[in-house]
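Q: This structure is in structure tokens; I'll ask about it shortly.
The values are calculated or read from the model by the stated rules, or taken from the named source; none is laboratory data. Model, not experiment: these values are computed from the prediction. For neighbour counting, all protein chains shown are included, and Cβ atoms are generated from backbone atoms with ideal geometry for every residue, glycine included.
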Amino acid sequence: MTALLSVRDARVHFPLTRGVLRREIGRVRALDGVTLDVAAGETLGIVGESGCGKSTLARCVTALQPVTAGRVLFEGTDVAALSRTGRKAFRRDVQIVFQDPYGSLNPRRRVGSIIADPLAVHRVASGEALRRRVRDLMDLVGLDPSHADRFPAEFSGGQRQRVAIARAIALRPRLLVCDEPVSALDASVQAQILNLLRDLRDELGLTIVFIAHDLPAVRYVSDRVAVMYLGRVVELAAAEDLHARPRHPYTAALLAAAAATDPAETGPIATGGGLPLLQGEPPSPAAPPPGCGFHPRCPRATPLCRREPPPLISRPGAPAHLAACHHVPEHAALPAGPEAGS
């Protein structure tokens, strides 16, 4: 499949300053060399602990945050080089759903007006046609169209997130970026929103980048999953393959933690796959450790890990399963034969 979105060695470094003259004394490496592709029509999940760079990547992909180095390409065009006309077209094709359904909607405006904004700004519809489009959008996301005149405070958290999704899909974008869209919702409501996103992907032909720290949710909606740690992608694979055969110790520890809170979880990592649950806090992105960034927390770290950063590469038998680890854990070994690459 052709890549709709490509990220090439993207880096975002925020300067740390001190004093009246704002002298730079260091840099926070929010993104530190991310490369990935998102094919048209697929859902790519991005998972990792808080502070790993997931939301920064979301802002870069939607051109809300410029990259310090590297490139973000949409259909082969560098978004940083877009003209004013090109950027307006880009805004129609790429939309974002934010994490907080309470903070992303203006509390002083009625939801019908909020949903109508993209249509009005891009002059897609007006008058009765605009009102009809708003009603159709509310119905599409499972809201009662007769509630268009209500304010956000009159809706539950899950309903507000449906309003945000309706606004995001109003222009029929080609790429929808969801930045932790269910983390602020109750478990039962999370499931409803996840099902809605899957339905919308199939019905509208959306390409989705789904960002979360909840591995089961990411697995449910995603075709492939990228695991991020300290501003880098440390593992990238098909969702089911990643869950069944994690190759990076960090991924295995995340899966073991998820299994520990879900008695129904089964598979080779249900008991931790021989790894203890994740210990300690991630290093500061302002002072990342040398070598592999995960080595201070990794029970399998060796002097090689402390000295040299591992490349993100595949292993024999699974060319689509990439991992940045010098030592593939024993429980991640793939069976021989054609099944290994499935």
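Q: Pick from THR271, THR261, THR302: which is over 22 Å from VAL12 (Cβ atoms), β-branched (Val, Ile, Thr) and modelled with pLDDT of 80 or more?
A: None of the others qualify; the one that does is THR302.
Q: Hand me the list of helices (runs of 4 or more DSSP H) wholly inside segment 24-136 holding 3 or more residues that are surrounded by fewer than 21 Cβ atoms within 10 Å (Cβ to Cβ) and modelled with pLDDT under 95.
A: Here the list reads 84-93.
Q: Condition test on LEU185, is it surrounded by 16 or more Cβ atoms within 10 Å (Cβ to Cβ), at pLDDT below 95 and within 25 Å of ALA116 (Cβ to Cβ)?
A: It is true that LEU185 is surrounded by 16 or more Cβ atoms within 10 Å (Cβ to Cβ), at pLDDT below 95 and within 25 Å of ALA116 (Cβ to Cβ).
Q: Related question: When you go through (1) touching a Cys at 6+ places or on another chain (Cβ under 6 Å); (2) part of a loop (DSSP other than H, G, I, E, B) one by one for LEU171, which number turns out not to apply?
A: (1)
Q: Among the residues of segment 240-260 satisfying the criterion of being of a type in the set (D, E, K, R) and part of a loop (DSSP other than H, G, I, E, B), which is surrounded by the most Cβ atoms within 10 Å (Cβ to Cβ)?
A: ARG247
Q: Considering only segment 188-213, state which residues are surrounded by fewer than 18 Cβ atoms within 10 Å (Cβ to Cβ) and assigned to a loop (DSSP other than H, G, I, E, B).
A: Residues satisfying the conditions are GLY205, HIS213.
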